[in-house]
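Comments concern the structure below.
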Amino acid sequence: MIKAVVSCIEGLEEVTQLELNEILKVESKIIIPSRISFNIKKEEDLAKFILFSRSIIKGYILLEDFKFNDFDSIIKKAKSIDFIHMKGTFAVRCERSGTHDFGSQDIERGAGEIIFKKYKIKANLDDPDTTVIVDIIEDYCLIGIDFSGEKLSKREYRIRTIPNPINPCLAYSLIRIADFNPKKSLLDPFCKSGEITIESALFSLGMPNCEKNKDKLLFNKFLKVDIKFKIKDKDLKIIAVDSFQNNVRSTELNSKIAGINKNIRFSRMDVDWLDTKFKEKSIDMIITVPPIPTASNPIKDIEKLYKEFFYNSEFILKKGGTMTLATPIPELIEKYSSEFKFKKLKEMKIKYQTAEWTILVFSL
């Protein structure tokens with residue numbers, strides 16, 4: 001068996017594990033927060049998962065994982081590893097989070113010297129045949145062969161974004177946590193540049209994440225992978241709304257690039273108009289990331305907005321309908337949800353944008 005590792009947003013591992021079960025039918029375990037390991041029979045399985053998963057940021061074949069004390073202990077462990085795919089040229093990339101007395105370049109240089117001496121192949125930092133990844137999180141180190149390359153959260157449809165857009169991996173995770181399916185109507189009343197509605201449509205239609213840029217993925221350097229898929233024919237009820245016309249236009253453009261603009265309805269609308277534009281008890285679920293206080297959007301305006309949002313959401317959501325929100329200020333969300341008839345079903349803590357965020361699921 002071959003051991004593989006994928007990374008995701010910390011706190012959202014359950015979504016990635018759900019995908020692993022759906023796509024590869026394999027069991028998995030969380031090694032450390034945001035890193036999930038699983039066994040595969042052949043390397044093509046990892047390539048398939050990278051192509052179809054919408055929640056992961058990176059994927060690689062795991063050669064060794066261990067706790068370390070210092071730089072020397074990492075280099076010593078690297079000397080004992082039997083690296084695979086060592087033909088042609090190579091590069092070492094170190095991704096590091098935490099406080100250490102060494103830098104990423106120190107690791108890359110040290111591991112690179114070991115591989116050069118052991119396998120007599122040249123380094124190529126621009127276009128290597130094989131990329132070794134040294135993945136360091138605090139005092140934990142994972143070393144492997146990179147199958148993905150650039151971050152998989154960089155969706156090809158994101159041509160037009162706004163300041164502080166939603167990470168597409170978070171957007172996708174929200175729809176899975178909400179238990180969205182194509183038969184349900186979904187409304188995002190703060191759609192920003194469209195990540196939640198676009199990910200919902202792509203998921204509903206069964207479109208792989210990396211289909212358009214699959215040739216750029218690193219596994220192509222040493223694997224020939226031909227994975228077929230069929231786009232599903234679905235009549236979707238996905239609605240993207242925002243009070244800013246620029247956000248609605250950004251969502252429209254991005255959805256057109258994604259090839260699913262005909263599957264989403266777009267509208268510029270303030271939240272206090274929701275009860276006039278949608279029938280009572282007509283929406284199955286609301287999934288969104290509400291605005292947060294800023295210098296130009298002070299707390300008093302946000303509180304007014306939240307009150308209008310929950311008031312109108314209570315009117316348009318069906319009985320048993322759900323609302324799934326991601327926020328760094330859960331206390332404010334809960335303050336106004338409790339004023340209306342919303343019951344909290346679930347609360348999850350995640351690490352997002354270097355801060356602690358909360359995902360809240362409510363129902364009527």
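A few notes on this one:
- Between K234 and K79, the contour length at 0.36 nm per residue exceeds the alpha carbon distance by 50.5 nm.
- Once the mean of 1/r is taken over each pair of separate Cα atoms and inverted, the chain shows a Kirkwood hydrodynamic radius of 22.0 Å.
- Backbone geometry of the range 213-220 corresponds, through the Karplus equation with coefficients 6.51, -1.76 and 1.60 at θ = phi - 60°, to 3J(HN,Hα) couplings of 10, 5, 5, 8, 6, 5, 5, 5 Hz, x marking Gly and Pro.
- Local electrostatic count at F266 - Lys and Arg +1, Asp and Glu -1, tallied over other residues with Cβ under 12 Å: +2
- When peptides 175-185, 190-200, 218-228, 292-302 are sorted by average Cβ neighbour count within 10 Å, with the highest value leading, the order is 190-200, 175-185, 218-228, 292-302.
- At R0 = 30 Å, FRET efficiency that the Cβ-Cβ distance of K118 and E138 yields, to 0.05: 0.60
- Remark on F266: its backbone amide H falls under 5 Å from those of A240, a criterion applied only to residues 5 or more positions apart or on other chains, H modelled at 1.01 Å from N.
- Note on E211/K304: beta-carbon distance plugged into 1/(1 + (r/R0)^6) with R0 of 30 Å gives a FRET efficiency of 0.10.
- Couplings 3J(HN,Hα) of the range 347-364, computed from phi: 9, 10, 9, 10, 9, 9, 6, 6, 10, 8, 10, 10, 9, 10, 10, 10, 9, 9 Hz, in residue order, whole Hz [Karplus 6.51 cos²θ - 1.76 cosθ + 1.60, θ = phi - 60°; x for Gly and Pro].
- Net charge of Cβ neighbours under 13 Å - reference K120; Lys, Arg +1; Asp, Glu -1: +3
- Spherically averaged projected area of the range 93-243 from its Cα convex hull (nm²): 12.4 nm²
- Distance from the range 260-303 to the range 334-353 (C-alpha centre basis), Å: 17 Å
- Shown here is the pair-distance distribution of the range 60-126: with all Cα-Cα distances grouped in 10 Å bins from zero up to the longest one, the shares run 18, 56, 24, 1 percent.
- Dipole of the range 2-146 computed with +1 at Lys/Arg Cβ and -1 at Asp/Glu Cβ about the Cα centre; of Q17, I121, I137, farthest Cα towards the positive end is I121.
- Pairwise Cα separations in the range 207-262 fall into 5 Å bins from 0 onward with the following percentages, short to long: 4, 13, 19, 18, 14, 12, 10, 7, 3, 1.
- Alpha-carbon radius of gyration plus Dmax, which is the widest Cα pair, for the range 47-160 in Å: 14.7, 46
- K256/L345 FRET efficiency (R0 25 Å; Cβ-Cβ; nearest 0.05): 0.15
FYI, it's all coordinate maths here, none of it is from the lab. Quick caveat: nothing in here was measured; it's all calculated off a predicted structure. Cβ sites come from the backbone with ideal geometry, for glycine too, and all protein chains shown count toward neighbours.
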